[in-house]
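Notes follow the structure.
Taken together, the values in this text are just the output of simple stated rules run on the coordinates, not laboratory data. Note that the coordinates shown come from a computational prediction; the quantities given were computed from them, not determined experimentally. Quick reminder, even Gly has a Cβ in these numbers, built from the backbone with ideal geometry, and neighbours come from all protein chains shown.
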């Protein structure tokens, strides 16, 4: 086989492969040998069937087509390796049929990674934000821990509900359908509601505020989403009875409670607070390192030069559209069309934002890959194994089973390996640049209104 590059323009390479008639005939003969090993023809042992007999069952055109498929695959693999091509899409080719006793050639078009001009990483100044841990942050973390141990208990107060109250209620649910029929779906359900919660529907809070224990409220809400459409459910009515006013009892932090919370790792309040501070400081340092990595990569990408192929942008946009559609369907039970209609978002603005985001993602990926290639950054089998073990730990799956699953899925294995390589590259960039410490940017206090 003889191969040559015919042309290269930007990131598109056109190449040609040529086979002599002898090479074609040998390849066809090998195809018939493979068929002979599998053929089950009466009177002949597998692998011993003469070619003329095989041609009665497997026409020459079919054998030539099978031969061509193998020749093309091997030739393309050889060209990719020989010319050191880094493909970003499947090769494009339109081969002619293969014929016995005749030479054969085909041309193929490769889309390859575009050339990236990288900056000198050692000359880049990247910011590392230094995050400060304050006493107020320690107190807030402890308050959240204590709040998680709080109990909601009845007060037996007889007064109107206020917006910051906890309330115990009992409710029945009635659903109205498109044909006008109303059905009782839930009966005597009990729950506790915090009227000041940001997640509670305003209609519910408004209906209950001002009610006294023993009083009732009725609320009607429209049914939205795909499930409601399928069920032809138009609206729901909730008949709510206020059972009583509740209050949250938050425990006081004592040495005994500190020991209980930490399983005796810390036996005093001071030890507990010191451990919380250390945790926050460790988290702050990780956040600082993350800020350096973000700044370093952002600067490296900004200073790099690359002409991004439009096809790469379009593929990235298609992938992002699909991910967003799946997320909106999962979280809101809506199609993208429904989402645009409900949110009032302009499609042209959405597409413009999508295009901008896709360009940033693709350029970042190309720059990181170029840095990895230039500096021989790659993963090792042990690192890949550790990466899979970490995924298993987070997923609660047995590591060996996850390894077998991932190694059996070439695309999934490739994605994990590439993420690992990208992470190692980001670490390399962060160490290579000049790190400049900067204080955390804090929100300026709001100016007091003039009296």
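General observations
- Listed values [x] 86, 55, 53; [y] 87, 60, 40; [z] 101, 68, 51, entry calculated as Cα extents along the principal axes in Å: [z]
- FRET efficiency estimate (nearest 0.05) - Cβ-Cβ, residue 152 to residue 90, R0 60 angstrom: 0.50
- Least to most buried among 19, 339 (fewest other Cβ within 10 Å first): 339, 19
- Each distinct pair of alpha carbons in the stretch 157-215 adds a 1/r term; the inverse of their mean, the Kirkwood radius, is 13.0 Å.
- Taking the Kirkwood radius as Rh and the Cα radius of gyration as Rg, the stretch 55-102 has a ratio of Rg/Rh equal to 1.10.
- Calculated over the stretch 260-439: convex hull of Cα atoms, volume per residue (Å³): 238 Å³
- Shown is the FRET efficiency for residue 100 and residue 419, computed with R0 = 51 Å from the Cβ-Cβ distance and rounded to the nearest 0.05: 0.60.
- The modelled label-to-label distance for the pair residue 228/residue 339, using points 7 Å beyond Cα in the direction of Cβ, is 1.9 nm.
- Each peptide in 164-171, 178-185 receives the mean, over its residues, of other Cβ atoms within 10 Å, and ordering these scores from highest gives 164-171, 178-185.
- 10 Å-binned pair-distance histogram of the stretch 111-198 (Cα, whole percent): 10, 18, 18, 15, 11, 14, 12, 2
- Segment residue 359-residue 145, length gained on full extension (0.36 nm per residue, minus Cα span): 72.8 nm
- In units of the compact-protein estimate 2.2 N^0.38 Å, the stretch 247-342 shows a Cα radius of gyration of 1.97.
- Considering the stretch 358-424, its Cα convex hull presents a mean projected area of 5.1 nm².
- Simple spin-label estimate for residue 132 and residue 216 in nanometres, 7 Å along Cα-Cβ: 5.8 nm
- Global geometry of the stretch 151-249, whether rounded, prolate or oblate, following the gyration tensor of its Cα atoms and the 1.5 cut on a/c: prolate
- A straight chain from residue 191 to residue 405 at 0.36 nm per residue would run longer than the Cα-Cα distance by 72.7 nm.
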